[in-house]
Amino acid sequence: MRTSTTFCLCPVLVWLCFLQKCYGVSHHVPTSKVPITKNQTKLANGETEVHHRPKRGWIWNQFFVLEEHIGPDAQYVGKLHSNSDKGDGSVRYILSGEGAGSIFIINEVTGDIHATESLDRERKAHYVLHAQAFDRNTEKPLEPKSEFIIKVQDINDNAPKFPDGPFVAAVPEMSQVGTSVYQVTASDADDPTYGNSARVVYSILQGQPYFSIDPKTGVIRTALANMDREAREHYAVVIQAKDMAGSVGGLSGSTTINITLTDVNDNPPKFPQKNYQLYVPESAQVGKPVGKIKANDEDLGVNAAIKYSIINSEGAAMFSIATDRDTREGIISLKKPLNYERKKTYTLHIEGVNTHVEPRFSYLGPFKDTATLKITVGDVDEPPVFSMDYYIMDVYENAHIGTEVGAVTARDPDSKNSPVRYFINLSEHGDKYFNIDMDSGVIKTTQSLDREDMPWHNITVMASEVDNPSLLSHVRVTLQVLDVNDNPPEIKTDEEVVVCESSRPGQVIQTIAAVDKDDFANGQRFSFSLLSGIPVNPNFTLKDNEDNTASIIARRRRFSRLVQELYELPIVVWDGGEPALSGTSTLTLQVCPCQWNGRVQTCQDERGLLSSAGLSTGALIAILLCIVILLVIVVLFITLRRSKKEPLIISEEDVRENVVTYDDEGGGEEDTEAFDIIALRNPAAAEELKFRRDVRPEAARQCGGPVRGCHSPLELDQVNVQKFIKQRLVEADMDTGGPPYDSLQTYAYEGQGSPTGSISSLDSPGTHSEQDYNYLDDWGPEFQKLAELYGEDMDSDAIGEPFYA
């Protein structure tokens, strides 16, 4: 291949083309002389065909085209040529790829390529195309399809730009020369690999002599020392970037950098003047501002913060000064009350100091300043002044009306010394317990005081001048009511006293304490005793523990709730006051069955169970009323039904015989209520036992003597039962008040006189064992019932005694 471009052909390429024409043919060598190799083919006639590697037919240099071509004609790019082209027009060239046919066109006969449009390298730097040669007659390809590139050659058509400008930067004032401020960077769209089109150089157009810039890196630095923010704060620096290394003809762009000098503490505070004057009336309130002073500082923010102080002792004792953070003023306040009559002028030496000082600027001098303030005290008509800020007085309770409690004193602080009048501020105290003498200030009682009702009284006494009543002074007076022994002690009964049925003699039932409304300086002292003048209590006794408590102790063994549930115990309590007072309190002791829970005994109260069930008293009353109403309805219903029954005997002929048979089997010795066999064994007492069916048989054993209805077993054996049965039979026949029908009453009598005797406990004599069964109480809750059964026999005498509590 041979290629023509806008440039001259290289002699080396011409030499290569010559060699290709001279040696680009094939040779046929006989097989007998030349051995067959891998690049040979043996033919049918015995000859051998040698294959040579085909040489490339396309040879060209890289194509270039200048960007931004503005000529009237199409720009010539280059020429394609094939070895097969003899110059007779038999070869046709075809171009394909990027821009083929639109941007780039080719002469099919000569192979010349032209660019029809102006190209921009910044938009597209190169184009990839494909070339192909065909035989115009046979339309067969003479050369294989080959790829080549057309590069757009750059020209300097883009100026440097600052994409992010303008810029903002800051640097501290008083910075040293060469301090870095900011770095700018310009961009150039031209090809940095071709020429100097993209080589940028920086320079300052505006901002000298304060700042400088590095021409290569674009770093801006300070060029002037000790730039003062207070003199000038803002600078506008214009930076230029020029390509072609800054040479003539290069393109340039510029931007602006707004540089601000930040503040440092390089200025001390200064008072505008050295001497000040201030007028303050003597009526000024303590803690309130009375004036202000300010020192100027040209710095900003924390660098201008000032702390004020009073450096002389005369001024610091009466006044204080604080800094207002917003206005940076020194606020002067009063620490103590002023008195024109005592001191009329004060001198204050005030100092203002920067709180934030930079050591590198210490050479500029001390960062503080002082000024003198002279304060003149003005005379004002003042209200009366009490001798004390507050008063505390005391008086005994129950003191007589008109008792003197104490006195307050006030005076006019002014030089004229006007008389003073006193009175109590009644608007704060609705109950008037005290009054005050208008002239002397003496406070007296107007009512009888009770310490237990109100131990402290607080009143406000006001004083005013006679000449100017509008000027008032107030003082707080606290009056304590002292105690006298005027309240008797009482038993503290917060909980119910419970007595266990299994209590033993000497056992502590409960420890009680006393309370007294009076106040004892050395502590309360109580003594306890039972009420005197009554018989000795056989059930309980009282022990004074001598520690303001007493213990209730059981005197006997076993209590039965069925016999007596509640006991009353009157107790007398004495206090240790002067004079000593006593009080009598009656405690109610309730008997309850107890359960063992380790070492602690807990009593169960049926009323407590009802309360724990969540039933209030009102609910229980409502339930009882409902039950009563239901019982009344049932009784009425039964009564109405009985009144409607027909008579049992309608006529005299209508006689009905009824036989009533009882086949009830006795319950043995335990069945002592349904069938009382004592009536059979003691006919003489049968009439007396009719109304004693509700008494248990063992009650007979508890009769202490000749009680009606109680007989010994010896008397029962002396009665003839057979005669008793016959007597009952006669009474049944002669009884006219019996039912109007016959009834059969059968009495089974076995007779008497058994030689073996009866083994029933009913006939056994009432003797008791001498054995002590108290040890059963120590066996635990499993044997508690057994201990109670045996304990009842031992305590029968105690139960039969009358109760005194």
Report summary line: Under the 7 Å Cα-to-Cβ spin-label approximation, E68 and V484 lie apart by a distance in nanometres of 12.3
Report summary line: For the T584, L630 Cβ pair and Förster radius 35 Å, calculated FRET efficiency rounded to 0.05 is 0.15
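Could you report the stretch 385-482's accessible area per residue, 1.4 Å probe, as an integer in Å²? Don't skip to the answer; put the middle values down first.
Numbers: 5410 Å² over 98 residues.
Dividing the accessible area of the stretch 385-482 by its residue count gives 55 Å².
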Report task. Write out the chymotrypsin sites (Phe, Trp or Tyr not before Pro) in the stretch 529-601 meeting two conditions: DSSP loop, and at most 12 other Cβ atoms within 10 Å of their Cβ. Result -> none
Query raised in the report: What accessible area, in Å² to the nearest ten, does a 1.4 Å probe give for F724?
Result: 20
Query raised in the report: Rounded to two decimals, what ratio of Rg to Rh does the stretch 167-262 give with C-alpha atoms and a Kirkwood Rh?
Result: 1.05
Requested in this report: Go through the stretch 435-499 and name the GluC sites (Glu not before Pro) that are in a DSSP coil and have 14 or fewer other Cβ atoms within 10 Å of their Cβ.
Outcome: E452, E495
Requested in this report: Please check which bits of the stretch 315-355 a label hung off Y279 would reach, taking the label as a point 7 Å along Cα-to-C-beta and the cut-off as backbone N under 20 Å.
Outcome: 332-334, 338-348
Query raised in the report: When DSSP beta bridges are limited to those with both residues in the stretch 490-592, what percentage is antiparallel, rounded to the nearest 5?
Result: 85
Query raised in the report: Carbon and sulfur together cover what percent of the accessible area of the stretch 62-153 at a 1.4 Å probe radius?
Result: 49
Query raised in the report: Roughly how much of L640 is accessible, in Å² to the nearest 10, using a 1.4 Å probe?
Result: 110
Query raised in the report: How much accessible surface does I633 have with a 1.4 Å probe, in Å² rounded to 10?
Result: 100
Query raised in the report: Given a 1.4 Å probe, how much area per residue of the stretch 70-206 is accessible, in Å²?
Result: 54
Report task. For L624, L373, give the ranking by accessible area with the largest first, probe 1.4 Å. Result -> L624, L373
Query raised in the report: Where in the stretch 316-356 is the amide nitrogen less than 12 Å from a point lying 7 Å along the Cα-to-Cβ axis of D379?
Result: 340-342, 344
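Give me D for the stretch 62-153 in µm² s⁻¹, whole number, from Stokes-Einstein with Rh from the Kirkwood sum over alpha-carbon pairs, 10 °C and 1.306 mPa s.
The estimated diffusion coefficient comes to 116 µm²/s.
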Report summary line: With all protein chains present and a 1.4 Å probe, the order of D188, D519 from largest accessible area down is D519, D188
Query - Cβ-derived FRET efficiency at R0 35 Å, K492 paired with H400, nearest 0.05 - result: 0.55
Query raised in the report: Between T256 and K140, 0.36 nm times their residue separation minus their Cα-Cα distance comes to what?
Result: 35.1 nm
Requested in this report: Summarise the accessible area of the stretch 490-592 (1.4 Å probe, protein heavy atoms) by the percent that is carbon and sulfur.
Outcome: 47
Query raised in the report: Rounded to the nearest whole Å², what accessible area per residue is found for the stretch 282-346 with the 1.4 Å probe?
Result: 57
Report task. Wrap a convex hull around the Cα atoms of the stretch 84-130, take a quarter of its surface area, and give that in square nanometres. Result -> 3.6
Query - log₁₀ of I(q)/I(0) at q = 0.16, 0.27 Å⁻¹ - the stretch 413-491, Debye sum with one point per alpha carbon - result: -0.69, -1.36
Requested in this report: Would you rank K336, K216 by solvent-accessible area, highest first, keeping every protein chain in place and using a 1.4 Å probe?
Outcome: K216, K336
Query raised in the report: Name the trypsin sites (Lys or Arg not before Pro) in the stretch 350-437 that are in a loop by DSSP and that have at most 13 other C-beta atoms within 10 Å, would you?
Result: K416, K432
Query raised in the report: At a Förster distance of 30 Å, what's the computed FRET efficiency of D324 paired with S418, Cβ-Cβ distance as r, to 0.05?
Result: 0.15
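The values are calculated or read from the model by the stated rules, or taken from the named source; none is laboratory data. Nothing here was measured: the structure is a model prediction, and the numbers come from that model. Here the Cβ is made from the backbone with ideal geometry for all residues, glycine too, and neighbour counts use every protein chain on show. These accessible areas exclude ligands, DNA and RNA; they are computed on the full protein's heavy atoms, side chains included. Shrake-Rupley method; radii C 1.70, N 1.55, O 1.52, S 1.80 Å.
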